[in-house]
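Reviewing the structure listed below.
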Ligand code: CAA
């Protein structure tokens with residue numbers, strides 16, 4: 001340890017801490033939202049146009065929060081080749097609680113057994129959809145702290161978002177994201193601007209521990225989301241003014257090359273971008289109002305807190321910000337519209353969607369705004385900066401290459417009829433917390449490499465197996481090919497698999 005400490009001192013404190021690699025997992029089954037409209041007997045367009053949703057991913061009884069996170073973490077570790085022995089912190093963010101004591105993190109530790117690494121800080125964090133952001137902040141803080149020992153941190157966030165049948169059900173989804181965090185990152189968390197808004201509200205919560213379903217006040221939840229956005233943007237802008245160069249303009253949407261939001265449903269995200277445009281409009285001194293705001297003068301006297309459901313303001317600023325939405329936000333909604341609300345990973349699914357549609361040139365040096373919202377409530381606005389290293393072997397280039405198969409994976413899903421989806425939800429309701437229990441869901445439909453539940457014993461202990469990485473199943477074959485191909489993109493050099501990644505200090509110093 002003393003030699004390690006001196007090595008740390010020589011190297012100084014870590015720079016450019018943030019996300020080095022990222023992986024997403026979503027279920028191999030989905031239901032079409034247009035078909036769901038017919039099945040639910042609502043007017044055509046309510047889910048697809050009104051909410052902006054295309055398909056919704058869902059899990060059979062074969063998957064739970066542990067299996068989702070096992071799958072995402074396995075994917076990240078295999079594709080990044082970071083090495084289980086090089087992880088010093090593992091954080092989990094989730095609101096899908098299946099055990100009031102045993103953490104998901106402790107279940108994930110089985111993946112570390114072969115490496116012998118048990119010296120791993122971090123545990124689960126829960127507050128609705130915010131847990132993943134709390135976990136990411138913890139991970140970044142650890143790497144930047146005096147407690148850092150030179151290894152990577154990993155953040156895993158996952159959830160199964162299911163609602164009782166009714167208005168909220170089409171806003172469900174499921175998935176998990178795993179992120180490798182460390183210095184010299186591809187996407188660096190900007191310092192000094194991170195802004196939060198926390199308050200006590202009952203907008204969406206899960207008081208019934210025997211059910212997977214939340215208690216939701218839909219309208220209040222939207223108001224809380226938008227007011228949190230206003231608050232975070234205002235505080236972020238104030239902090240930005242303190243760190244910006246004197247010559248650069250004050251905070252406005254133009255400072256962000258991309259603006260990502262937690263996405264309960266895509267229409268709310270478009271309204272949120274418009275909300276920031278409305279904030280910018282109100283923040284612009286009257287004498288500096290440009291042509292851009294022609295025709296909007298009537299809204300100068302409006303107050304933010306009176307306009308959460310003001311249709312005129314909403315419409316005017318959605319129209320005003322259409323171009324900004326198309327440029328800065330729409331690309332990030334690919335997973336949100338195709339999979340639905342993943343709760344904690346929703347914002348990070350947005351990041352994966354953006355990465356998959358970016359080039360090194362477009363992402364390098366760009367500022368990505370990230371708004372995280374968890375009901376109850378907890379919200380943070382932070383920003384990531386794309387690394388300036390844009391070489392073909394740079395971490396940023398590898399990050400982008402790692403998501404090249406995203407569209408292909410989405411297309412490889414099996415579309416399930418709404419009545420079968422409804423039966424699956426019923427089965428989950430009836431078997432939730434049942435012990436002993438042997439799941440009945442078909443494992444053959446799972447994507448290669450998916451972890452799944454084999455049984456729950458009479459002591460409620462849950463056992464998992466992993467679906468083969470190669471499979472003869474036709475539906476998932478495309479993913480299998482893409483997964484193998486992409487995995488090899490990240491394998492730079494068999495003798496030194498870490499050479500493509502920023503080197504963890506501990507592994508270097510222990511090699512010396
Ligand atoms: N064609 C086109 N649009 C249509 C339509 C049609 N045939 N029928 C209805 N619409 C539109 C409506 O006009 C409405 O759009 P606007 O709000 O822009 O006017 C939209 O479709 C939805 O219709 P309703 O408002 O009537 O929908 P609803 O009240 O039945 O349910 C909901 C909507 C409240 C969001 C509900 O789905 C819900 O409770 N969802 C869960 C809660 C949620 O997601 N809250 C978001 C903030 S909280 C959060 O972010 C945390 C989290 O992840 C849960």
**Item:** Coarse-grained scattering of the chain at q = 0.06, 0.12 Å⁻¹, given as base-10 log I(q)/I(0) from a Debye sum over alpha-carbon atoms
**Value:** -0.27, -1.11
**Modelled FRET efficiency - R0 41 Å, residue 463 with residue 408, Cβ distances, 0.05 increments** = 0.85
**Complete:** Once residue 113 and residue 39 are pulled to full extension, the length gained, defined as 0.36 nm per residue separation minus their Cα-Cα distance, is 22.0 nm
**Complete:** Full extension between residue 300 and residue 144 adds, at 0.36 nm per residue less the Cα distance, a length in nm of 51.9 nm
**Asked** residue 282 versus residue 310, label points 7 Å from Cα toward the beta carbon: distance in nm?
**Response** 0.7
**Prompt:** Scaled to the compact-protein estimate 2.2 N^0.38 Å, what is the alpha-carbon radius of gyration of segment 1-138, rounded to two decimal places?
**Reply:** 1.39
**Asked** Does segment 34-111 classify as rounded, prolate or oblate by the C-alpha gyration tensor (a ≥ b ≥ c root eigenvalues; a/c under 1.5 gives rounded; else a/b over b/c gives prolate, otherwise oblate)?
**Response** prolate
**Item:** Footprinting exposure proxy for 111, 180 (fewest neighbouring C-beta atoms within 10 Å first)
**Value:** 111, 180
**Message:** Can you tell me the length gained on complete extension of the stretch residue 217 to residue 291, counting 0.36 nm per residue apart and subtracting the Cα distance?
**Reply:** 22.7 nm
**Asked** Between residue 15 and residue 202, what FRET efficiency comes out of the Förster formula 1/(1 + (r/R0)^6) with R0 = 30 Å and r the beta carbon distance, rounded to 0.05?
**Response** 0.10
**Item:** Whole-Å distance, taken between Cα centres, linking segment 222-299 and segment 86-146
**Value:** 33
**Request:** For segment 238-358, report the translational diffusion coefficient in µm²/s to the nearest whole number, using Stokes-Einstein at 10 °C, 1.306 mPa s, and a Kirkwood Rh over Cα pairs.
**Result:** 102
**Request:** State, as an integer percentage, the relative contact order of the chain based on alpha-carbon contacts under 8 Å between residues 6 or more apart.
**Result:** 23
**Prompt:** How do 145, 115 rank when sorted from fewest to most other Cβ atoms within 10 Å of their own Cβ?
**Reply:** 145, 115
**Prompt:** Hey, what did segment 136-247 get for relative contact order, percent, Cα under 8 Å, at least 6 apart?
**Reply:** 22
**Prompt:** So what is the relative contact order of segment 183-317, in percent, for Cα pairs below 8 Å that sit 6 or more residues apart?
**Reply:** 22
**Highest-first arrangement of 132-140, 444-452, 311-319, where packing means the average Cβ count within 10 Å** = 132-140, 444-452, 311-319
**Request:** Report the calculated FRET efficiency for residue 123 and residue 438 (r = Cβ-Cβ distance, R0 = 35 Å), to the nearest 0.05.
**Result:** 0.70
**Complete:** Listed with the fewest Cβ neighbours within 10 Å leading, 196, 28, 468 appear as 468, 196, 28
**Complete:** Computed over the Cα atoms of segment 392-437, the Rg and Dmax in Å are 19.0, 52
**Fill in**
Sorted on mean Cβ neighbours within 10 Å (highest first), peptides 335-347, 38-50 come out as 335-347, 38-50
**Request:** Would you mind getting the Kirkwood hydrodynamic radius of segment 312-425 from its Cα pairs, rounded to one decimal in Å?
**Result:** 16.4
**Request:** Determine the calculated [θ] at 222 nm for the chain from helices alone, applying -39500 (n - 2.57) to every DSSP H run no shorter than 4 residues and normalising by the residue count; nearest 500 deg cm²/dmol.
**Result:** -10500 deg cm²/dmol
**Asked** residue 167 versus residue 455, label points 7 Å from Cα toward the beta carbon: distance in nm?
**Response** 4.4
**Asked** By average Cβ neighbour count within 10 Å, what is the ranking of 406-414, 227-235, 67-75 from highest down?
**Response** 67-75, 227-235, 406-414
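Readers should treat all values here as calculations from the given coordinates under stated rules, not as data from a laboratory. Please read these numbers as outputs of a predicted model, since none were measured by experiment. Using ideal geometry, Cβ is built from the backbone for each residue, glycine included, and neighbour counts are taken over all protein chains shown.
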